[in-house]
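Remarks on the structure that follows.
The values are calculated or read from the model by the stated rules, or taken from the named source; none is laboratory data. This structure is a prediction, so every number in the text was calculated from the model and none was measured. Positions of Cβ are generated from backbone atoms using ideal geometry, with glycine treated the same way; all protein chains shown enter the neighbour counts. Protein only, heavy atoms only, side chains kept; ligands, DNA and RNA dropped before computing areas. Shrake-Rupley method; radii C 1.70, N 1.55, O 1.52, S 1.80 Å.
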Amino acid sequence: MKLDLSPIASAPPAAAKQPLSQVASLVWRILLATVGGYFCTVAVISLTARLLAVLFDVPLANSLLSGMLLSFLLYSIIIMAVFASQRLVRTSLWLLGAGVVATLLCQLPVLADVSETVVIAGVVFEGVKVS
Amino acid sequence: MKARFRDSMNWLHTWAGLVVGWVLFAVFLTGTLAYFQHEISRWMQPELPAAASPEQAVAQAQQYLQQHAAGSDRWTIVLPGDRGFTTDLFWRPAPMAEAATSAANSATNAVSNKESTKESTKEKRPANRRFERASLAGDGTAATARETRGGQFFYRFHFDLYHLPVVWARWIVGVCSMLMLLALCTGIVIHKKIFKDFFTLQWRKGHKSWLDGHTLTSVLALPFHLMITYTGLITLMFMYMALAVSANFPSSQQFFAQLQGDTPPIVASGQPAALVPLEQILRQAQTELQGADISLITVHQPGDAAAVIELREASTNSLGSGGRELRYSGSSGLLLNAAIAAPYPEQIRHLLINLHSGRFADPLLRWLYFLSGLAGTAMIGSGLILWSARRASQPGAAHFGHKLVHCLNGGTVLGLPLAVACFFWANRLLPLQWPDRPEWEIHGFFAGWLLMLLFSLLRNPKLLWRDGLQLLAAVYLLLPLWNFFSSNRHLGYSLWHTDWVFAGIDLVFLVTGLCCLQTARVLQRRRETRSQSAIGGAATADLTGTAGASTR
């Protein structure tokens, strides 16, 4: 058991003082991992899907579906990272920050107006405006 | 969380596994049984004659529907396929067609994206069904076999549960699956010597043996466990990740339209026109799809000039098959659309769902699926027992939580097999004309489960497993025997006629019963040796477990 994968092994555990603060920290950690992780996952795959749609000129639905197929993988990695974290506050800021930034970036005019003419299965969609 | 990465993951593995283990056990066991759902249905309806060929089945269905469902605006025909034994028909007598889609969907078991979102908003229970249904036997008449949900009950239960609104149930199963995925990933992380431990199995060492049993069943079928959990989440992805769609599209219809193409609704013209023979359309469609099998035929506005016949490809041919749709005009028989391949991500999604449902599997692969599923069930069961066994000898063993886990473990790990057996017993024991027969078979299932829960609550914890296993052994060993007396398709007959569906199921009962009996005897022997030398018990109370016991 020599191998220690945690990035900051010497740091003191985030909550080792009071039982109550320990419980609160655990509850926050679980909420952050499940709820925060879910929203962050959705934000990240939305942003990626829009970027791919703009850069490679594919229909947004296709790139979004690709993202969704990988979403559970991303979600589990986020949850594991949150539970492995030594500094809960910093991890919270990173995770929520990433989620908010991704959501805001999706609102950029370039990405918000992913509109195009799509021809699939013989049906033409003229300028499907997606906001 | 903990000072070391592996300890955090160990914590997560233990608790993620424990809180949902019981639901997962039920989901895994019934899901595993669902790989043989057609065979189970067959066993539960021994009166049925052999199935018809697709062409015959379609012709019979058309004849039956024209007689019995002339005014309907939509017919749905589910073909028997290679493994089914009846042609199932659905139609709405009144001109209201919303629920028919979900009815058809539940019938084909195809988790198709458009429907699954609609379907998830609707509760489907036999009582709420507002469509008519009929099953045709191979000779084209309505099947007169005993009424039963058959193997489909297991299939539905493994994601819809029962006695719960479908949407809730699917969310519960989804959350459990997500935690299962986490437990698998963390399990791989904490198990550093994944292959080395294989050669140092420790039999008869108390909780260490449980740990090894847990590791063995996990590692042997690890790719399967990862695959089945992930693809299980994918099958209901549009429900679990609905936020991703609604965050990017004004409505889910637009998303699906972009993905699969939108088809205009079919409106009746009011001019009557004879429907072309469906048999002929089936042949045309099979030629169009290079000989692929058709699983589902939907006729919109039959008898109208604007009628449309929709055929969906079965996913039984190969891993990548299935999902293509063809539309023909119902009055002229002309092809209305070309079978264009779906976009790549959609194809991958189909492939992943096919991988999960295994409809393409030939008998050998199907057995592998089944055995891997059993290994997964055993992995969950042994993990749950390990949690208890490891804590049984520790100071806090009398804690309420420990007792609760012990009871639920017994009530689930022993209770589910008993419930399944009771389901089969109810099928053979209930009188054939019993009112609401299918429902009573399911009552039998839950009665068995409840019985074992009560038993594990009341029985001395040290004797629970031995007695429970003895009960299971008796129940499973007597099933083929009772089948011998109660139907003419007993083991002797089916072996003589090499009818592997019936013989296989009876033999599986026998093997299950023998395994339970043997395990009960091992437990009994261990009890005896342990009472002879009380030191043995202390030796197994070795608290420093191999994978780190700091999991409380």
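General remarks:
- Only one entry of B:W15, B:W43 meets the criterion of being over 19 Å from B:F370 (Cα atoms) and either at the interface with another protein chain (Cβ under 10 Å from one of its Cβ atoms) or not small (G, A, S) (or both), and that entry is B:W15.
- Test: residue in the range B:233-248 that is outside any helix (DSSP H, G or I), open to solvent by less than 50 Å² (accessible area, probe 1.4 Å), hydrophobic (A, V, I, L, M, F, W, C) and modelled with pLDDT of 85 or more: yes
- Of all residues in the range B:134-185, those being open to solvent by 40 Å² or more (accessible area, probe 1.4 Å), more than 30 Å from A:V82 (Cα to Cα) and not small (G, A, S) number 9.
- Comparison of B:Q45, B:Q62, B:Q37 shows that the only residue that is over 30 Å from B:L386 (Cα atoms), open to solvent by 30 Å² or more (accessible area, probe 1.4 Å) and among the polar types (S, T, N, Q) is B:Q45.
- Here B:G415 meets each of (1) open to solvent by less than 40 Å² (accessible area, probe 1.4 Å); (2) under 20 Å from B:S218 (Cα atoms); (3) of a type outside the set (D, E, K, R) with one exception, condition (2).
- In the range B:455-480, the qualifying residues are those that are of a type in the set (A, V, I, L, M, F, W, C) and without any contact (Cβ under 8 Å) to a residue 40 or more places away in the chain, and the one that is least open to solvent (accessible area, probe 1.4 Å) is B:L463.
- Residue-level analysis places B:Q258 outside the set of residues that are closer than 30 Å to B:G330 by Cα and either more than 10 Å from chain A (Cβ to nearest Cβ) or small (G, A, S) (or both).
- For the range A:1-42, a residue qualifies if it is open to solvent by less than 60 Å² (accessible area, probe 1.4 Å), modelled with pLDDT of 50 or more and within 29 Å of A:L73 (Cβ to Cβ), and the qualifying residues are A:S25, A:L26, A:R29, A:L32, A:A33, A:T34, A:G36, A:G37, A:Y38, A:C40, A:T41, A:V42.
- Only listed residue being of a type in the set (F, W, Y), more than 30 Å from B:H402 (Cα to Cα) and at pLDDT below 95, chosen from B:W496, B:W465: B:W496
- Residues being more than 7 Å from every other protein chain (Cβ to nearest Cβ) and open to solvent by 30 Å² or more (accessible area, probe 1.4 Å) - total across the range A:48-96: 20
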